[in-house]
Amino acid sequence: MFRLKIPATTANLGSGFDTLGMALSLYNIFEVKKILPENIFKCKISGEGIDQLNDPDKNMIVKTYKRACKEWNLNFTGFDFESCNAVPLNRGLGSSSTAVVAGVMIANLIHNQNKSEAELLRVMTLIEGHPDNVVPCYLGGMTVSCWDGENLRYVKLPALPNNLNVIAAVPDFEVHTEDARKILPESVPFKDAVFNVSHASILCAAWAMGKWNLLRVGMEDRLHQIHRAKLFPGGIGEKFLTEIQSRPDCIATAISGSGPTMIAIVHGSAGNLARAMCKIFTEGDSASHFFVLNCPETGAEIYY
Ligand code: HSE
């Protein structure tokens, strides 16, 4: 019937906790093959999550589809679908957001709802809980979003220029967002809050004006990464944030979303920096692999 091509994302970009996010050129492809009777779902998974996502009753696409139907007062049907997943699970690259975006898009498409972009994004954010993965996932580029639990405001900024790549170094251990949120403090010193407001603001202004030399400063963070670094084994989280950040070939580095993937923005050739990132994971006794990606201008796409 139709196929959805949905990008990975990296949320927070250091200073922009729960606010900033960027699409990455790594994709999950979801194909809806046939409508089935009410509440009958069939799925076939290949690639990432092949052993974890096969039960349609637990599949995030099905859950999201049902939730979106409820939100719009639609009687849900069933469907047969296939997921071909390239985005690793529970690694901070927005794999669950690809499923949330897909589920809401499927509800909109199957039931001919023709909902506006703003309404689709509102429901996606309501289901995901924060906007910094779903908004760039659906829209592409870099996005700035504000969510108060009811209203969503967002602005899309252009993609990174072609000469800047994003290395995503992905370890073989998982971090669940829930755990990575629990480790955060209830309150932060006022000066740290001011630090992040000013750095995230510089980042957005610099991004909008193409002043890429300000990315490093703009991505500096004092709210969450220092706490989340503790979830990495053997002190390697702190090492990433200091050693990798201070390399001359690294423009800026950050924990991707709630981790444990680390991203680094690099100018031109990425091999040496990517290997240095994976070496740090090895020092913490974790195997890892890396992707060299870019930030696509286009987000989720539909093919008939
Ligand atoms: N902003 C969220 C967090 C993203 O860092 O917890 C989680 O995917």
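No value in this document is a laboratory result; all are computed from the given coordinates. Here the structure is a predicted model, which is why all the values come from computation and not from measurement. Cβ placement follows ideal geometry from the backbone for every residue including glycine, while neighbour counts extend to all protein chains displayed.
Numbers for the structure displayed
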read-out	value
Estimated distance in nm for a label pair at residue 58 and residue 150, the labels positioned 7 Å out from Cα along Cα-to-Cβ	3.6 nm
23 Å Cα-Cα threshold exceeded, pairs from 115/156; 70/182; 42/70; 44/156; 58/230; 230/279	70/182; 44/156; 58/230
Mean Cα-pair separation over length for the chain, i.e. relative contact order, pairs under 8 Å, 6 or more apart, %	25 percent
Volume per residue that the Cα convex hull of segment 127-272 spans, once the total is divided by residue count, Å³	135 Å³
By average C-beta atoms within 10 angstrom, highest first, the peptides 259-266, 43-50, 204-211	259-266, 43-50, 204-211
Residue 42/residue 302 FRET efficiency (R0 30 Å; Cβ-Cβ; nearest 0.05)	0.90
With 20 Å bins from 0: P(r) over the chain, alpha-carbon pairs, percent	35, 56, 9
Residue 283-residue 213 pseudo-label distance in nm [points 7 Å out on the Cα-to-Cβ vector]	3.0 nm
Segment 163-304: relative contact order as a whole-number percent, Cα under 8 Å and 6+ apart	39 percent
Sequence ranges 216-226, 1-11, ranked by mean other-Cβ count within 10 angstrom, highest first	1-11, 216-226
Helix 60-71 vs. the chain, principal-axis angle (Cα, 0 to 90°, nearest 10)	70 degrees
Angle between the chain longest axis and helix 271-283 axis [Cα atoms, degrees, rounded to 10]	90 degrees
Rough spin-label spacing in nm, given labels placed 7 Å along Cα→Cβ, for residue 181 and residue 272	4.1 nm
P(r) tail fraction, segment 1-98 - alpha-carbon pairs more than 20 Å apart, %	42 percent
Computed over segment 31-115: relative contact order in percent, which uses C-alpha pairs under 8 Å that are six or more apart	40 percent
Value at 222 nm in deg cm²/dmol, rounded to 500, when DSSP H runs of n ≥ 4 in the chain each add -39,500 (n - 2.57)	-9500 deg cm²/dmol
Degrees separating the helix 95-110 axis from the principal Cα axis of the chain, which is the longest one	30 degrees
Highest-first arrangement of 15-23, 178-186, 76-84, 147-155, where packing means the average Cβ count within 10 Å	15-23, 76-84, 147-155, 178-186
